[in-house]
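Accompanying notes for the structure given below.
Nothing in this text is a laboratory measurement; each read-out follows from the coordinates by a stated rule. None of the values given here were measured: they were computed from a predicted structure. Ideal geometry is used to build each Cβ from the backbone, glycine not excepted, and the neighbour counts take in all protein chains shown.
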Amino acid sequence: MSDVEARLSAVLDRYDSLAIAVSGGVDSMTLATIAHRRNRGRIAVIHAVSPAVPPAATLRVRARALREGWDLSVTGAGEFEDERYRANPADRCYFCKTNLYARIRALTRWRIASGANTGDLGDYRPGLLAAAERDIVHPFIEAGIDKPEVRVLARRFGLDEVAELPAQPCLASRVETGIAIDADDLAFVDRVETALARLAPANATLRCRVTHKGIVVELGADAAPMAPLLHDAARALCDAASRPFLGVQDYRKGAMFVRG
């Protein structure tokens, strides 16, 4: 057993039972897989669906649940019922997580856990405040595990389909602060990103951004060589949806976050 795995195991052993919120990304999928294999029968997995969750993520969770034999519950995230979330303020994530954890709490009395890792602590994360207010635990953070170490664990436990996934925050993160969150916008974002991902290198970083002026596509260095092709494909998708296309830019983390 590696040092990283040993640290995580020691943390997991502190809890008699856990209900793990699983989004479909590498962090929460890895945590749920390891926790379930170690503490089978004392781990529940909760996946929340909403317009902000890519359908591919839900399919990924369901497939892994079948493979691992998870006790999986799927619920609505509930955030679209909250006008504070839909207004898309700088602390939108606070309202998102507030609603999410309320939905999960309605399903279980077990301690709720998230897949947050130590790399999440350096950013402005209103969702972590919502978690702290609701006594949510973060086993990776307790074990001092960062994103690269999570990926190592994912490979170690056979999660090849998620181990190298780029960071994938919810689709609402593609919408510039102050633009109301709209389900049609999020469906368009997912449609563009899914189409472009078929043309780009596997697991390349790319974002379809909804800005006040129009649509921007951002590409990570891994997708940059395909920029002309991706530019033309994105323009065609925007033209078909009657949305102004502003072009392709370099990827910038949190580019749509405008803090007043």
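Between the helical axis of 183-197 and the longest alpha-carbon principal axis of the chain there is an angle of about 90 degrees. For region 159-247, the set of trypsin sites (Lys or Arg not before Pro) satisfying both a DSSP loop assignment and a count of at most 12 other C-beta atoms within 10 Å is given as R198, K213. With the contact rule set at Cα under 8 Å and sequence spacing of 6 or more, what percent relative contact order holds for the chain? The normalised contact order for the chain reaches 18 percent. For region 23-98 and region 142-201, what is the centre-to-centre distance using only Cα atoms, to the nearest Å? Rounded to whole Å, the Cα centres lie 13 Å apart. Could you tell me which label, among [x] 1.05; [y] 1.58; [z] 1.01, carries the value of Cα Rg over 2.2 N^0.38 Å calculated for this structure? Correct label is [z]. Taking amide H positions as modeled 1.01 Å from N, with prolines and chain starts lacking one, the residues under 5 Å from V175 and 5 or more places away or on another chain are V210. Backbone phi angles across region 235-240, fed through the Karplus curve with coefficients 6.51, -1.76 and 1.60 (θ = phi - 60°), yield HN-Hα couplings of 4, 4, 5, 5, 4, 5 Hz in residue order; Gly and Pro are listed as x. Here the spin labels are modelled as points 7 Å beyond Cα on the Cα-Cβ line, and at Y124 and A187 they lie 3.1 nm apart.
Would you tally the net charge around T58, using a Cβ to Cβ cut-off of less than 12 Å, leaving T58 out, and scoring K and R as +1, D and E as -1? Net local charge, T58 excluded: +2. Note on the chain: with a GNM built from Cα contacts shorter than 10 Å, the maximum mean-square fluctuation among D16, D123, D232 falls on D123. Coupling constants for region 15-25 follow from the phi torsions by the Karplus curve (6.51 cos²θ - 1.76 cosθ + 1.60, θ = phi - 60°), and in residue order they are 10, 5, 7, 9, 10, 9, 7, 10, 8, x, x Hz; glycine and proline get x. Amide H contacts of A19: A44, R111, I112, A113, each under 5 Å away and 5 or more positions distant or on a separate chain (H built 1.01 Å from N in the peptide plane; Pro and chain starts excluded). In degrees between 0 and 90, to the nearest 10, how far off the longest principal axis of the chain does helix 55-68 point, with axes built from Cα atoms? Result, in degrees: 20. With a ≥ b ≥ c taken as the square roots of the eigenvalues of the C-alpha gyration tensor of region 93-147, please select rounded if a/c is under 1.5 and otherwise prolate if a/b is larger than b/c or oblate if it is not? Oblate, because a/c is 1.5 or more while a/b does not exceed b/c. Across region 113-252, Cα pairs under 8 Å and at least six residues apart give a relative contact order of 17 percent. G220 sits among other residues whose Cβ lies under 12 Å from its own Cβ, and their net charge, with Lys and Arg +1 and Asp and Glu -1, is 0.
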